[in-house]
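Since the structure comes first, as structure tokens, the remarks are kept for the end.
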Amino acid sequence: MMLKDMIMVFLGMVILILGVLIGVAFLTLLERKVLGYIQIRKGPNKVGFMGILQPFSDAIKLFCKEQTYPLYSNYMSYYFSPVLSFILSLMIWMLIPYYFNMISFNLGLLFFLCCTSLGVYTVMVAGWSSNSNYALLGGLRAVAQTISYEVSLALIMMSSIIMIMDFNMMKFSIYQNFIWFIFLMFPLSLCWFSSSLAETNRTPFDFAEGESELVSGFNIEYSSGGFALIFLAEYSSILFMSLLFVLIYLGGYHFSLFFYFKISLISFLFIWVRGTLPRYRYDKLMYLAWKIYLPISLNFIMFYLGIKIFF
């Protein structure tokens, strides 16, 4: 690989990351607007035209605030866990199956599973290093929840992998030329959607930051930049989960406006669920993962394996 190619790939990555960050900024604005209209109020509408510059003013405010840290915290791990979680959530974006100027992973889905599994540790360390009981409890709950739903996510993904017999994300668009996978595996796609809600700690599964009982969960001691990084990591993983849903179930990657419209629609669903559903009870959440999603996904794996062998 020539130096020029390396530079081009690096520039492509930088542009992609900038795009993701701008997308995350406007996703937060969309969320605040949509929740505002669901609750019959306006949402942010003062900064810029119709509040369009609100995310930027929020970012400037957060990153200019003084960085505080608890006296008894384990400083190094407390300081670096948000940074690591942010880096991990941006690393996953390297998986987008562009046709040109990007890394094309043959084992892309395995890389995705590795990165999401590593994300658990950052949450755990963030909760533990603050040395606060609320944060520790929030971190433990987040870890248990994320690990439980990762199992069902991996198994649901296995069914799609059996359909295309490859780990490369490019293959999904080739196999979905004639029919989208959502029509072939509708129950599984719903399970995938709710598992990705739980995976990204979103309502109705937001126990890691259950305000009513844990104040703010694992990120309670974080302010200014650290909080902003945790926030950015969460929203970038929401966007990526929407992207993955579109790749696997809604026709794969096509460089068109319709593709980005589909991603926006799934991201909107994340917000809509937040505005509509109340929080689950914690034991019910675990019950859902182990007693319902796990058997369903295993049954579907057997079913699709049978079809594959039969045909």
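Read the figures in this text as sums done on the coordinates, not as results from a lab. Quick caveat, the model's predicted, so the values are computed rather than measured. Cβ placement follows ideal geometry from the backbone for every residue including glycine, while neighbour counts extend to all protein chains displayed.
Structure notes:
- Rel. contact order, % - alpha carbon contacts under 8 angstrom, at least six apart, the stretch 68-310: 27 percent
- Taking Cα atoms only, the orientation of helix 75-91 departs from the longest principal axis of the chain by about 30 degrees.
- Degrees between helix 294-310 axis and first principal axis of the chain (Cα, 0 to 90, nearest 10): 20 degrees
- When the Cα positions of ILE92, LEU184, MET158 are compared along the charge dipole of the stretch 68-310, LEU184 comes out farthest toward the positive end, with charges on each C-beta of Lys, Arg, Asp and Glu.
- Residue exposure proxy: MET6, MET170, ordered by other Cβ atoms within 10 angstrom of their Cβ from fewest to most, comes out as MET6, MET170.
- Helix 224-249 vs. the chain, principal-axis angle (Cα, 0 to 90°, nearest 10): 20 degrees
- Where Cα atoms sit under 26 Å apart: lysine pairs in the chain separated by 8 or more or lying on different chains: 11
- Shape class of the stretch 46-103 from the Cα gyration tensor (axes a ≥ b ≥ c, square roots of the eigenvalues): oblate, since a/c reaches 1.5 or more and a/b does not exceed b/c.
- Once C-alpha pairs closer than 8 Å and six or more residues apart are averaged by separation and normalised to the residue number of the stretch 1-126, the relative contact order reads 25 percent.
- Lys, Arg +1 and Asp, Glu -1 on Cβ, resulting dipole of the chain about Cα centre, debye, nearest 20: 620 debye
- Bins of 5 Å from zero: percent of alpha-carbon pairs in the stretch 254-299: 5, 17, 12, 13, 18, 16, 11, 6, 1
- Charge dipole of the stretch 68-310 about the Cα centre (unit charges at C-beta), most positive-ward option of GLY306, SER195, LEU247: GLY306
- Equivalent ellipsoid of the stretch 68-310: semi-axes from √(5λ) of the C-alpha gyration tensor, largest first, are 32, 20, 16 Å.
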